[in-house]
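A.B. asks: So that we are looking at the same thing, I have put the structure below in structure tokens.
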Amino acid sequence: EPDRLEWIVGAFYLREKARDQLQILEPARALGLPESNVTNALAAYGQATFRLTDRLRLTGGARYSYEEKDFAYRVLSGGVDVGGEAAKASWRAWTPKVGIQYDVSEDVMAYASITRGFKSGGFQLGDGRPFRPEYIWSYEGGVKSMFWDRRVRANLSVFYYDYTDLQLNQVVGLTSLITNAAAARIKGVEVEGTWRPESHWTINGNVSLLRAKFTSFLNVDSLAPALGAQDVSGNYLSNAPKLSANLGVAYRSDPVLFDGRITARADLSYRSKIYFREFNDALDQQDAYAVLNAS
């Protein structure tokens, strides 16, 4: 039946051209100076949702992406221009999605989905060396609900991310480079909710549990190159707290001058220890902290 099917198809095109200018601080060193970086990206996509019953819906879709990058730069050695270099690469990817939704009741919906994602590769700013594209398989399931005359909203999600060639920013000397980690996995659970006991008050909160680790990664620490390539498999990803939480309370007044309203709000947020680099050294970490905001 036509009213049971919803679908969309589309296309996407992007052309981006960037130029960079660098100041040379080490005239005796051989450096690549970027002249231009041109990106052409094309994509075609389609997605459809079919209602098997009044409560059960199936979704399927796919996207085809093609990205091409041209990178040109001049090479300086000892402050002398020794010629230009150019690099070019392209990548293609199919990224499908399948999902299911089921209305348990009028106010409760359960869902699950499997999605593949893609991020194109590129070239290092300093010397034009390439880095690989990044891929992810995302698995997610959960429940979204509203009850008590829609005064309470409660959502639960469980997710699993499987990365291949995860792109990381790494500082080597004074240069920021993109490095590919062979593989990484993120597992997590998130609970969030909002309660409006009456028209003036709103209370919201969320809790997130995260386990984000490299599963395969050999890399050299630029601060300790003598150690050679280190196996950091099992280490935590950067900026990935095991626990993060937030609690907020807001009071909204009745109409006052010119029918305006005044809202007073306070938020308390917590974040457990994180690491800034994949080596997880003591100097790389930031201890747990909490922040209280009021307005």
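A.B. asks: Provide the per-residue ³J(HN,Hα) series for segment 197-211, in order, calculated from phi with Karplus coefficients 6.51, -1.76, 1.60 and θ = phi - 60°, each as a whole number of Hz, with x at glycine and proline positions.
C.D. replies: So the Karplus estimates, Gly and Pro as x, are x, 7, 5, 8, 9, 9, 10, 9, x, 8, 9, 10, 10, 9, 10 Hz.
A.B. asks: In addition: Size of the dipole of segment 196-280 about the Cα centre, Lys and Arg at +1 and Asp and Glu at -1 on the beta carbon, nothing else charged, in debye to 20?
C.D. replies: Details: 10 positive and 7 negative charges, 29 e Å.
It works out to roughly 140 debye.
A.B. asks: Build a GNM of the chain with springs between Cα atoms under 10 Å: which of Ala266, Ala62, Ala183 gets the top mean-square fluctuation?
C.D. replies: The residue with the greatest mean-square fluctuation here is Ala266.
A.B. asks: Past 28 Å, Cα to Cα: identify those pairs from Lys144/Lys187; Lys69/Lys97; Lys97/Lys144; Lys144/Lys242, in the order given. It would help to have the intermediate numbers written out before the result.
C.D. replies: On the way: Lys144/Lys187 19 Å; Lys69/Lys97 26 Å; Lys97/Lys144 20 Å; Lys144/Lys242 23 Å.
Those over the limit do not exist; all pairs fall within it.
A.B. asks: Could you compute the longest span of the chain free of trypsin sites (Lys or Arg not before Pro) located in DSSP loops and having at most 15 other Cβ atoms within 10 Å, not counting the site residues? Write out the running numbers ahead of the final one.
C.D. replies: On the way: sites that count: Arg19, Arg29, Arg55, Arg150, Arg151, Arg261, Lys273.
Counting at most 15 other Cβ atoms within 10 Å as exposed, the longest clean stretch of the chain is 152-260.
A.B. asks: For Trp137, tell me the accessible area in Å² from a 1.4 Å probe, rounded to the nearest 10.
C.D. replies: Its heavy atoms expose roughly 90 Å² to the probe.
A.B. asks: Over its Cα atoms, what ratio of radius of gyration to 2.2 N^0.38 Å does segment 147-247 give?
C.D. replies: On the way: Rg = 19.8 Å, N = 101, 2.2 N^0.38 = 12.7 Å.
My calculation over the Cα atoms of segment 147-247 gives 1.56.
A.B. asks: So, one more: How many nm separate the modelled label positions at Ala264 and Ala294, each set 7 Å beyond the Cα in the direction of the Cβ?
C.D. replies: 0.9
A.B. asks: Further question: Could you work out the per residue convex hull volume over the alpha carbons of the chain, in cubic angstrom? Mind showing how you got there, number by number?
C.D. replies: On the way: hull volume 62.1 nm³, N = 295.
So the per-residue hull volume is 211 Å³.
A.B. asks: Something else now. Computed FRET efficiency, Cβ-Cβ of Tyr66 and Trp137, R0 22 Å: what is it to the nearest 0.05?
C.D. replies: Numbers: r = 20 Å, r/R0 = 0.93.
That pair, Tyr66 with Trp137, gives E of 0.60.
A.B. asks: Just to be sure I understand the model, the point goes 7 Å from the Cα along the line to the Cβ. What's the resulting Glu6 to Val104 distance in nm?
C.D. replies: Those two pseudo-labels are separated by 2.2 nm.
A.B. asks: Let me ask something else about it. Place +1 on the Cβ of every Lys and Arg and -1 on the Cβ of every Asp and Glu in the chain, take the dipole about the Cα centre, and give the residue among Tyr102, Thr263, Trp137 whose Cα lies farthest towards its positive end.
C.D. replies: Farthest towards the positive end: Tyr102.
A.B. asks: Put +1 on the Cβ of every Lys and Arg and -1 on every Asp and Glu Cβ in the chain; which of Tyr236, Phe159, Asn280 then has its Cα farthest towards the positive end of the dipole?
C.D. replies: Going by the charge dipole, the pick is Phe159.
A.B. asks: Something else about it: Taking 7 Å along the Cα-to-C-beta vector as the label spot, tell me the Ser233-Ser145 distance in nanometres, rounded to one decimal.
C.D. replies: 4.1
The values are calculated or read from the model by the stated rules, or taken from the named source; none is laboratory data. Computed from a predicted model, the values in this text were never measured in an experiment. Because the Cβ atoms are built from the backbone with ideal geometry, glycine has one as well, and the counts that use them run over all protein chains shown. Accessible surface is based on the protein model in full, side chains and every heavy atom, while ligands, DNA and RNA are left aside. Shrake-Rupley method; radii C 1.70, N 1.55, O 1.52, S 1.80 Å.
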